[in-house]
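To start, the structure under review is shown below, and the notes come after it.
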Amino acid sequence: MTTTPTRPLPSDQQVQMPVIGFGTYPLRGDEGVSAIASAIEAGYRFLDTAVNYRNEREVAQAVRESGIERDDVWVQTKVPGRDHGGSRKSVETSLSVMDLDHLDSVLIHWPNPSRDEYLTAWEGLIEAREAGLVRHIGVSNFTAAHLDRIVEATGVTPFANQVELHPLFIQEEMRAVHDRRGILTQAWSPLGKAQAQYDAEPVAAAARAHDCTPGQVILAWHLALGSMPLPKSADPGRQRENLAAVDIELTEAEVAAISGLSRPDGRLFGGDPDHHEEM
Ligand SMILES: NC(=O)c1ccc[n+]([C@@H]2O[C@H](COP(=O)([O-])OP(=O)(O)OC[C@H]3O[C@@H](n4cnc5c(N)ncnc54)[C@H](OP(=O)(O)O)[C@@H]3O)[C@@H](O)[C@H]2O)c1
């Protein structure tokens, strides 16, 4: 078993965060529980779920069935757009669905700016944290302007912003914003899903040089950038393969060549948070 290495959270050096996490969408039902349990067995210690994935129950069940101590695994969920007006209540519901007494982190899933309720959602998460329901609060798909607004209004900085990030869309500006503010960058669709650049020459060349798979190269590229990737796999073999990427160290030239694949229009499905909204 590879145990996931950790690094300190940018916002709190006392807190150790696994360098790679496990994405759980769309794992559901008994098969979903088995897949999540096999990820825990493989050594993943960070599970990313969301109310809208409709699998919080499966995640909690996998944690219980795996026999791992609750404190040894980081469980993260996300508040959906329809709950922005009652995000503390949404956290309470997640806890009840999962039969847990606290969450390690909760994110606002999408800002949904046309509804203009993400600041209210942030205030509700601050309350939830003060009430001890959740240890760390963060956001997902927030732009620099959304971050400015919630931090200026409340004085509370999210511990993480989970954004679309893969070789076709490297989020250089957002990563710089996060670094300036001490925010952890979490990467969704870290491999690039159906558009994964496994055959692109910089990825294939690094895979040959390091005698590893193209998927591992892409995950090692994330780690070199300081991004925390959340790869999803239903397959125990690929789960282990992805976790083993923590042992691969790319050269600066390899990292730069992979970053060179990025395109301004590289988002997988046009999920620009200023326009794309999810309830
Ligand atoms: N915050 C947000 O708005 C947001 C949006 C999207 C996703 N997410 C989160 O990010 C997580 C990951 O994103 P994602 O599932 O969209 O994309 P991804 O992890 O980049 O890609 C998953 C796909 O790649 C395959 N795969 C996994 N490892 C592989 C490997 N080593 N070689 C070849 N193929 C491999 C998987 O198939 P198999 O299962 O068959 O291995 C699956 O089809 C989600 O589960 C979710 O937790 C968040």
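Values in this text are rule-based calculations from the coordinates and carry no lab data. Please read all numbers here as calculations on a predicted model, not as lab measurements. All Cβ positions, glycine included, derive from the backbone under ideal geometry; neighbour counts span all protein chains shown.
Taken about its Cα centre, the range 13-154 carries a charge dipole of about 260 debye when Lys and Arg each add +1 at the Cβ and Asp and Glu each add -1 at the Cβ. For the chain, the mean residue ellipticity at 222 nm estimated from helices alone is -12000 deg cm²/dmol, where every DSSP H run of n ≥ 4 contributes -39500 (n - 2.57) and the total is divided by all residues, rounded to the nearest 500. Peptides 112-123, 213-224 ranked from most to least packed, by the mean per-residue count of other Cβ atoms within 10 Å: 213-224, 112-123. For a straight C-alpha distance cut-off of 17 angstrom, the lysines reachable from LYS78 (same-chain residues fewer than eight places away being disregarded) are LYS89, LYS232.
Taking amide H atoms as placed 1.01 Å from N in the peptide plane, the amide H of TRP188 lies under 5 Å from those of VAL163, GLU164, LEU165, each 5 or more residues away in sequence or on another chain. Computed from the alpha carbon atoms alone, the convex hull of the chain holds 119 Å³ per residue.
Straight-line cross-link partners of LYS193 among the aspartates and glutamates, defined as a Cα under 14 Å from its Cα and at least 8 positions apart when in the same chain: GLU164. Please work out the Cα center distance from the range 77-145 to the range 172-235, rounded to the nearest Å. Computed from Cα coordinates, the inter-centre distance equals 26 Å.
Take the Kirkwood radius over Cα pairs of the range 23-84, plug it into Stokes-Einstein at 25 °C and 0.890 mPa s, and you get 212 µm²/s for translational diffusion. Placing +1 on the Cβ of every Lys and Arg and -1 on the Cβ of every Asp and Glu, with no other charges, gives the chain a dipole of roughly 140 debye about its Cα centre. Ordered by the number of other Cβ atoms lying within 10 Å of each residue's own Cβ, fewest first, GLU152, GLU241 fall into the sequence GLU152, GLU241.
Simple rule: put +1 on each Lys or Arg Cβ and -1 on each Asp or Glu Cβ in the chain, find the dipole, and look at VAL19, VAL63, PRO167; the Cα lying farthest toward the positive end is VAL63. Taken about its Cα centre, the range 21-104 carries a charge dipole of roughly 420 debye when the Cβ of each Lys and Arg holds +1 and the Cβ of each Asp and Glu holds -1.
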